[in-house]
Amino acid sequence: MTTALSLIDIAARKASGTKLSMVTCYDFWSARILNETDVDTLLVGDSLAMVMHGFESTVHADVDLMTLHVKAVARGAPGKFIIGDVPFLAARKGLKTAMDAVQQLMQAGANAVKVEGERGQVELISHMVDSGVPVMGHLGLTPQSINQLGGYRVQGKGKGDAETLLESARNLADAGCFALVLECVPHALAKDITDAIHIPTIGIGAGPATDGQVLVLQDMLGMNTNFKPRFLRHYAEGYGVIQTAVNRFHQETLQGCFPSLKESYK
Ligand code: KIV
């Protein structure tokens with residue numbers, strides 16, 4: 001069985017220039033599969049609200065929903081470093097609410113939490129870190145703010161926006177974050193941020209220069225044929241694989257050739 005990376009291992013990757021891989025994981029059965037892969041870390045992302053529950057955005061995830069999924073992933077992947085997303089507004093209603101949310105996620109089996117954004121969050125993140133909770137930051141396209149951003153689009157394109165993002169990245173690194181997700185930012189800006197901070201950057205739609213990459217598992221497995229952003233590479237055509245298997249089962253059931261006697265009890 002693999003053993004989970006530690007924060008020391010993660011920091012050492014940046015120092016040695018060895019990239020980090022991360023995929024999202026939301027449930028027990030995929031966690032069991034991923035536990036036996038080489039992937040470095042698992043993210044129980046609040047994207048599960050969309051991918052697993054069919055909501056329009058991640059705004060619909062709450063702490064109880066995240067906790068349920070973190071518990072399932074922790075049961076399935078004891079050999080992986082698991083990061084749980086702090087969902088919409090859970091870190092915005094004061095220190096006690098935020099720390100209660102973090103406590104719930106960590107006690108559910110997360111090894112770390114991820115907090116979106118920087119503005120108004122730095123003190124809180126420092127408090128989490130000082131309390132023994134590893135925190136991963138998330139800048140660029142922060143989907144919990146989708147209603148403010150007005151759409152899923154690349155962030156930090158203009159000079160001013162790029163400078164603001166760089167400053168935010170520095171603040172999060174100084175606040176004690178152990179890593180930083182950069183989502184949908186120009187690759188040159190992602191490189192500038194990666195070079196400017198001492199913690200690993202994990203990119204999604206942020207080009208090749210980040211210290212690691214993260215993808216949503218279902219997206220990389222080709223489970224969502226309608227979702228084709230520029231940054232996404234399909235590593236399998238899962239949608240078709242599942243349809244073909246289920247259609248074969250259906251046909252063989254109708255034809256009476258499943259099950260055979262060998263697949264039946266005496
Ligand atoms: O919720 C999520 O899956 C994420 C990743 C896309 C980084 O935040």
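The values are calculated or read from the model by the stated rules, or taken from the named source; none is laboratory data. Small disclaimer: the values here were computed from a predicted structure and weren't measured. Neighbour counts are summed over all protein chains in view; Cβ atoms, including those assigned to glycine, are modelled from backbone coordinates with ideal geometry. Side chains included, ligands, DNA and RNA excluded: accessible areas come from the protein's heavy atoms. Shrake-Rupley method; radii C 1.70, N 1.55, O 1.52, S 1.80 Å.
Annotation note: chymotrypsin sites (Phe, Trp or Tyr not before Pro) in the range 199-238 located in DSSP loop regions with a Cβ neighbour count of at most 15 within 10 Å are F227, Y235.
Put a dot 7 Å past the Cα of I242, heading toward its Cβ, do the same for E263, and the two dots end up 2.0 nm apart.
Please give me the summed charge of the neighbours of A4: other residues whose Cβ is under 11 Å from its Cβ, Lys and Arg +1, Asp and Glu -1. Charge balance near A4 sits at -1.
GNM remark for the chain: springs join alpha carbons under 10 Å apart, and the peak mean-square fluctuation among I199, I146, I242 falls on I242. Kindly provide the trypsin sites (Lys or Arg not before Pro) of the range 160-239 that DSSP labels as loop, not H, G, I, E or B, and whose Cβ sees at most 13 other Cβ atoms within 10 Å. Listed in order of number, the matching sites are R230, R233. For the range 49-199, a Kirkwood radius taken over Cα pairs fed into Stokes-Einstein (4 °C, viscosity 1.567 mPa s) yields D = 82 µm²/s.
Ligands, DNA and RNA are left out, and with a 1.4 angstrom probe the accessible area of the range 173-260 is 55 Å² per residue.
Computed about its Cα centre, the charge dipole of the range 88-165 is approximately 240 debye, with only Lys, Arg, Asp and Glu carrying charge at their Cβ. The mean sequence separation of alpha-carbon pairs under 8 Å and at least six residues apart, normalised by the residue count of the chain, gives a relative contact order of 15 percent. Surface composition of the chain: carbon plus sulfur atoms contribute 55% of the solvent-accessible area (1.4 Å probe, protein chains only, all chains present).
Say the dipole of the chain comes from +1 at the beta carbon of Lys and Arg and -1 at that of Asp and Glu; which of M22, M128, T142 then lies farthest toward its positive end? The one lying farthest along the dipole's positive direction is M22. Under the convention that each Lys and Arg Cβ holds +1 and each Asp and Glu Cβ holds -1, the size of the dipole of the range 159-266 around its Cα centre is about 600 debye.
Semi-axes of the equivalent ellipsoid of the range 105-177 are 24, 15, 9 Å, computed as sqrt(5λ) over the eigenvalues of the C-alpha gyration tensor in descending order. For the chain, a crude dipole built from +1 on the beta carbon of Lys and Arg and -1 on the beta carbon of Asp and Glu, taken about the Cα centre, is about 460 debye to the nearest 20. What is the range 186-246 by shape, rounded, prolate or oblate, if you read a ≥ b ≥ c off the alpha carbon gyration tensor as root eigenvalues and call it rounded for a/c under 1.5, prolate for a/b larger than b/c, and oblate otherwise? Verdict is prolate for the range 186-246. Take every Cα-Cα pair in the range 133-266 and report what % of them are more than 18 Å apart. That tail contains 64 percent of the Cα-Cα pairs.
Using a cut-off of under 13 Å, list every residue of the range 187-210 whose amide N is near the label point 7 Å from the Cα of L149 along the Cα-to-beta-carbon line. Answer for this model: 204-206. Computed on protein heavy atoms with a 1.4 Å probe, the accessible areas place H187, H60, H138 in the order H187, H60, H138, largest first. Working note: Cα atoms of the chain, range along each principal axis, descending, whole Å: 68, 38, 37.
For the range 10-72, the Cα gyration tensor yields ellipsoid semi-axes of 26, 14, 10 Å (square root of five times each eigenvalue, largest first, whole Å). Per residue of the chain, the DSSP helices (runs of n ≥ 4 H) give a summed -39500 (n - 2.57) that works out to -12500 deg cm²/dmol at 222 nm. Most tightly packed first, judged by the mean number of other beta-carbon atoms within 10 Å of their residues, the peptides 78-90, 99-111, 247-259, 39-51 read 39-51, 78-90, 99-111, 247-259. Solvent-free Debye calculation, one equal scatterer per alpha-carbon of the range 1-136: log10 I(q)/I(0) at 0.12, 0.15 Å⁻¹ equals -0.45, -0.71.
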